[in-house]
1. Going by how many other Cβ atoms sit within 10 Å of their own, how do 56, 1 line up, fewest first?
2. So how do 173, 93 line up by other beta-carbon neighbours within 10 Å, fewest first?
3. Output the Cα-based Rg and Dmax of the stretch 50-209 in Å, rounding Rg to one decimal and Dmax to a whole number.
4. Run the numbers on the chain and let me know its relative contact order in percent, using alpha-carbon pairs under 8 Å that are six or more apart.
5. What's the exposure ranking of 116, 13, going from fewest to most Cβ atoms within 10 Å?
6. Given the rule -39500 (n - 2.57) for each run of at least 4 DSSP H residues, summed and divided by the residues of the chain, what is its mean residue ellipticity at 222 nm, to the nearest 500 deg cm²/dmol?
7. Considering the Cα trace of the stretch 16-125, what is its radius of gyration and what is Dmax, both in angstroms?
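All of the numbers you see were taken from the coordinates with simple rules; none came from a lab. Predicted, not measured: the structure shown is a model, and the values here were computed from it. Note that each Cβ is placed from the backbone with ideal geometry, even for glycine, and that neighbours are counted across all protein chains shown.
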């Protein structure tokens, strides 16, 4: 049965895995391109995009992801560093996957010391307020083609999507709310649990591999 994969080469993959479990999805941690065949969707987590890019190339996962998206077989959600890897254009560097018509720039929302949160409603995702966490976050400078803007913060695009790919500058996996994960699960054609089935535990991702 198809499931959701989380790229598990570096970065915050366990946090995403914990949120997927809360949504009733048993995630697959992806380290090999052959494992993508099990997945309806893939989350590329935040982390260090240059490191992730090198590891993806070394494991030949980058081409496999791009090919699967272009053939309509895979949905992708990139958060923070994952958004940088997904974008068709990256300011001052070559793109990686180029699977969504968007241009992104590093550290638009500031350095590590400028990290911040906001509590806002993102209408396309949910009527409930979302707690959005920005950590040395990139900003989306423009979108085109079939790409749609989902959210802006400080006059900068912070989330966008096309029919198969979502990119977010922020980290929904670091918040209590599950709405972004539910939205992606539904986008992949799967059904999430509507209610949290275990009590929220902020440290649960540290105990799940």
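1. Working: 56 22, 1 6.
With the fewest neighbours first, 56, 1 line up as 1, 56.
2. On the way: 173 26, 93 13.
By the 10 Å Cβ count, ascending, the order reads 93, 173.
3. Looking at the stretch 50-209, its Cα Rg and Dmax stand at 15.6, 44 Å.
4. It comes to 21 percent, rounded to a whole number.
5. On the way: 116 14, 13 26.
The most exposed by this proxy come first: 116, 13.
6. On the way: 5 runs with 45 residues, N = 209.
It lands at -6000 deg cm²/dmol.
7. Gyration radius and largest Cα-Cα distance of the stretch 16-125: 14.8, 41 Å.
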